[in-house]
Every structure is written in structure tokens, then in C-alpha cells.
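These notes are about the structure you will find just below.
The values are calculated or read from the model by the stated rules, or taken from the named source; none is laboratory data. Every value quoted in this text rests on a predicted model; they were computed, and no experiment measured them. Glycine gets a Cβ as well: all are built from the backbone with ideal geometry, and neighbour counts include every protein chain shown.
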Amino acid sequence: MRSFFVFIFFSLFSYNLSSQDKVLLSGSVKNVNQESLVGINIYLTSNKNVGTISDYEGNYSLELFEGLPIKLTFSGIGYETTYITIEEYGKINKDIILNESVVFGDEVIVSASLFE
């Protein structure tokens, strides 16, 4: 019975230690007109495999177990890429505003012909 209590004690103690080194980041992504942006990519700058996207209301949530500082990238088609740095652990709420980006391209010529 004593070993059971020792096991429970150490399990709870180790859980508290491991939960201190995490960041729970959440917030919303909007444009300069305060309109919610859907499908904005949010990912670690150092590892594009770790990330999420904003939902249909522009909200996002991301749980990270990284060493500080944590650098994040916010990007989407038609908007300028924005970078933020997280320098503390815990629950953090960050609302992001993205500026529109205009891309000018060269002239495009479309032609069609019929081969018989």
C-alpha cells in the first residue's frame, strides 16, 4: 500500500514539473478592418511541421513544448507574413492583425488553337 502512495506522489510531482515548460497560445487573426481571417497558417519559424490554422471565425489555439524564445510565423495568401516571439511560458492570448499584400505579375497571354 505504501508503494502505491509513493507512486501516486511521484506521478503528480512529475506532472507538475513537465507542465511548467509549455506555452498554450490562443487568439484571433484579423485584417486591418477587424474582419476575421480564415485559413491563416500559424507555425514555428524553425519547424513548419508544428503549427495550426485559423478557424472560420479567425480563432486559433496552439500548444507548444519548446524552449524559449519561441518564434512563430503567421502567413496567408494575400496578406503580409508576420512574425512574433514568445518569451514566457503559460497561457498567452495574442490577437494578430495582418496587412493586405498586393502582388503584381507580368502580362499573361492566353491563346488557343484547334488541331485537326
Revision key, fill the gap. Checked the stretch 73-96 for anything touching a residue at least 24 places away in the same chain (Cβ under 8 Å), closer than 18 Å to Ile53 by Cβ and surrounded by 15 or more Cβ atoms within 10 Å (Cβ to Cβ); matches are Thr73, Phe74, Ser75, Gly76, Tyr79, Lys94, Ile96
Check your understanding: How many residues are surrounded by fewer than 16 Cβ atoms within 10 Å (Cβ to Cβ), modelled with pLDDT of 95 or more and small (Gly, Ala, Ser) when one looks only at the stretch 58-70?
Key -> 1
Review point. When only residues in the stretch 1-57 that are closer than 18 Å to Thr82 by Cβ and of a type in the set (Lys, Arg) count, which is modelled with the highest pLDDT?
Key: Lys30
Check your understanding: In this structure, is Thr73 more than 20 Å from Val103 (Cα to Cα), at pLDDT 95 or above and within 11 Å of the chain's Cα centre (by Cα)?
Key -> no
